[in-house]
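Structure record follows, encoded as structure tokens.
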Amino acid sequence: MEILRLIYAFAFTGLFAIGGGLATIPFLQDMGEKYGWFTTKELIDMVAISESTPGPIGINMATFVGIRVGGYLGGVMATLALVLPSIIVVLLLIPFLDRYQKSPLTQGIFYGLRPTSAGLISAALLGFIKMVVFFGGNLVLSGINWLNLALFLGFFGLIKLKNIHPVLVIGLGAAMGMLLHLV
């Protein structure tokens, strides 16, 4: 029964998480709450692992959750359920896009979808930052995880202001995390 829930949850996510892997985060939050497959803290850890490993975050997350809930079969089924809706939609749209690519209507659709996609990704990103920086998602000052906030701002600055390669920042973050938990 859990495999069927996985398939449904990830097919739904794959169909509606427009904007890429980060757009899957709100869907994953809902899965954690609805099915109890993981806690918010575990979701944050899964996102960190999925972002630090090769491959698209959405696929990594589907595989991770699927294996956790339904073993290797669950991992395969959740991953397929996530990607199949996109494959089907693209296959159905290709003939129309080739034919009507220069149409003002098609151009208008893409004009509207670009900021929509950016908004969805930004909302997911802000939601993730909120989960990491604020305990339990609270926005009260007493609930701020000051260490996580400082690390977030520091790593953001290294990438954006100092142009440090993301691979080095990931390694530094992992090393700092180990040191902080050993102390």
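The values are calculated or read from the model by the stated rules, or taken from the named source; none is laboratory data. A quick note: this is a predicted structure, and the numbers were derived from the prediction, not measured. When we count neighbours, we look across all protein chains shown, and the Cβ atoms used for this are built from the backbone with ideal geometry, even at glycine.
Odds and ends about this structure:
- Of all residues in segment 158-168, those that are surrounded by 12 or more Cβ atoms within 10 Å (Cβ to Cβ) and over 15 Å from PRO54 (Cα atoms) total 3.
- Of all residues in segment 1-38, those satisfying the criterion of being without any contact (Cβ under 8 Å) to a residue 24 or more places away in the chain and not charged (D, E, K, R) are MET1, LEU4, PHE12, PHE16, PHE27, GLY32, GLY36.
- Matching option when the condition is under 30 Å from TYR8 (Cβ atoms) and in contact (Cβ under 8 Å) with a residue 60 or more places away in the chain, among LEU91, LEU120, LEU126: LEU120
- Of the helices (runs of 4 or more DSSP H) lying entirely inside segment 1-89, the ones with 3 or more residues being more than 24 Å from VAL133 (Cα to Cα) and not hydroxyl-bearing (Ser, Thr, Tyr) are found at 2-16.
- Among the residues making up segment 94-109, those that are exposed (fewer than 11 other Cβ atoms within 10 Å of the Cβ) and assigned to a helix (DSSP H, G or I) are ILE94, PRO95, ASP98, ARG99, PRO104, LEU105, GLY108.
- Note on segment 11-54: residues that are of a type in the set (Ser, Thr, Tyr) and more than 28 Å from GLY173 (Cα to Cα) amount to 2.
Per-residue answers, yes or no, for (1) on the phi < 0 side of the Ramachandran plot; (2) not acidic (Asp, Glu):
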| residue | (1), (2) |
| --- | --- |
| GLU51 | yes, no |
| GLY55 | no, yes |
| MET77 | yes, yes |
| SER86 | yes, yes |
| ILE94 | yes, yes |
| ASP98 | yes, no |
| THR116 | yes, yes |
| MET131 | yes, yes |
| PHE134 | yes, yes |
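- Just one of the listed residues (LEU158, LEU125, LEU172) is touching a helix residue (DSSP H, G or I) at 6+ places or on another chain (Cβ under 6 Å), closer than 28 Å to MET46 by Cβ, of a type outside the set (Val, Ile, Thr) and outside the structural domain of ILE44 (by TED's automatic domain parsing), namely LEU158.
- Scan segment 10-48 for residues that are hydrophobic (A, V, I, L, M, F, W, C) and touching a Lys or Arg at 6+ places or on another chain (Cβ under 8 Å) and the total you get is 2.
- Of the residues making up segment 1-60, those that are among the polar types (S, T, N, Q) and surrounded by 20 or more Cβ atoms within 10 Å (Cβ to Cβ) are THR13, THR24, SER50, ASN60.
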